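The values are calculated or read from the model by the stated rules, or taken from the named source; none is laboratory data. Because the structure is predicted, anything quoted here is derived from the model rather than measured. Every residue, glycine among them, receives a Cβ derived from its backbone with ideal geometry; neighbour counts consider all protein chains shown. Ligands, DNA and RNA are stripped out before the accessible areas are found, and what is left, the full protein with its side chains, is counted by its heavy atoms. Shrake-Rupley method; radii C 1.70, N 1.55, O 1.52, S 1.80 Å.
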Amino acid sequence: MSAPAPAKINLALVVGPLRPDGKHELLTVYQRVGLADRIELEPAERLRVDGFTGDTLVRDGLELLAVHAAVEQRWRVRIEKRVPAAAGLGGGSSDAATALRLANATLDDPVPHEELHDLAAGVGSDVPFFLTDGPRLGAGDGTTLGLLDLPQDYWVVLVLPKDARKSSTAAVYATFDERDGARGWEGRRDALLDALESVRRPRDLAALPPNDLASSPLADELRAAGAFRADVSGAGPAVYGLFHHRQSARAARRALERFGRTWVTAPAWYG
């Protein structure tokens, strides 16, 4: 069996102070997009993950599932990578969630969704989102997911800068702490919630607050090319721009190709 493992963008990311568990409080808007890896899973004598040597999350997730369900780790997974790794687009998290969902379907007694969510949270904060459908509001450490009714009729240009070297997520958060980034967290959180209440059309997404963790001059380039909203996704370095029309998105992609790898895609409801 096989399934797509789509990327995500963070339409907003507001970060607060450290929690008692050592993670940061945050509020984020997850939006799945059409750029996707492909996951193939089949029974095997032992757990094996092929196709992407940098994987750890798929293996971690399946090991947790096997322990929780009290079954042998007898799956072979092949990952066909299209989503760039370590870009802030959640490719590894999506791969893990998709593999979990496929493997769970092979069990004689599949794990209920709530328990699968908890297993996914143990793999990574973004992983539970990819077990859901539609856009979601991530709260707490990102694993508490609320329903959102957001417009889906726009186009997305993704740009991965040339020679981009993403710092580890831990390093990005450490820099955030060093500059006292959590100051004013409550006000920024409330501003995001207020802005979401007013979203009716795609252009209303422009009022969402900017990413607390990272910024990029490429967001200005995307806005100059016609994007009504542009920002870094997650901890970066990938940057997205939102466009009303496909023709405008394609023109912007051509204009930004000199800066790095580019894609034109659109919101996706589910994998």
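Quick look at the values:
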item: Summed residue charge, Cβ within 12 Å of Arg203's Cβ, Lys/Arg positive, Asp/Glu negative; result: +1
item: Structure-derived volume of the Cα convex hull per residue in Å³: which label, when the choices are [x] 186; [y] 141; [z] 122; result: [z]
item: Positive minus negative residues near Gln247 (Lys, Arg vs Asp, Glu; Cβ under 12 Å); result: +4
item: Residues of region 67-94 with amide N under 20 Å of a point placed 7 Å along Cα→Cβ from Glu42; result: 72-81
item: Pairwise label distance in nanometres, Arg200 with His245, each label 7 Å out on the Cα-Cβ vector; result: 2.3 nm
item: Ellipticity estimate at 222 nm from DSSP helix runs (n ≥ 4, -39,500 (n - 2.57)) divided over the chain, nearest 500; result: -9000 deg cm²/dmol
item: Accessible area in square angstrom per residue, the chain, 1.4 angstrom probe; result: 46 Å²
item: Net charge contributed by nearby residues that have their C-beta within less than 12 Å of Arg258 (K/R +1, D/E -1); result: +2
item: Selection of trypsin sites (Lys or Arg not before Pro), region 119-220, meeting DSSP coil and at most 13 other Cβ within 10 Å; result: Lys162, Arg165, Arg179, Arg183, Arg200
item: For region 104-156: span of alpha carbons on each principal axis (Å, largest first); result: 41, 24, 18
item: Pairwise FRET efficiency - Asp190 versus Lys23, Cβ, R0 = 22 Å, nearest 0.05; result: 0.60
item: Computed accessible area, Asp133, all protein chains, 1.4 angstrom probe, square angstrom; result: 60 Å²
item: Residue order for His24, His68 - accessible surface, 1.4 angstrom probe, largest first; result: His68, His24
item: Accessible area in the full protein assembly, largest first, 1.4 Å probe, for Thr262, Thr144, Thr53; result: Thr53, Thr144, Thr262
item: Inter-site label distance for Arg261 and Thr169 at 7 Å from Cα along Cβ, in nm; result: 1.9 nm
item: Sites Ala105 and Ala70 - FRET efficiency at Förster radius 25 Å, r taken between beta-carbons, to 0.05; result: 0.90
item: Accessible heavy-atom area order of Tyr30, Tyr173, Tyr270, highest first, probe of 1.4 Å; result: Tyr270, Tyr173, Tyr30
item: Estimated distance in nm for a label pair at Ala85 and Arg183, the labels positioned 7 Å out from Cα along Cα-to-Cβ; result: 3.8 nm
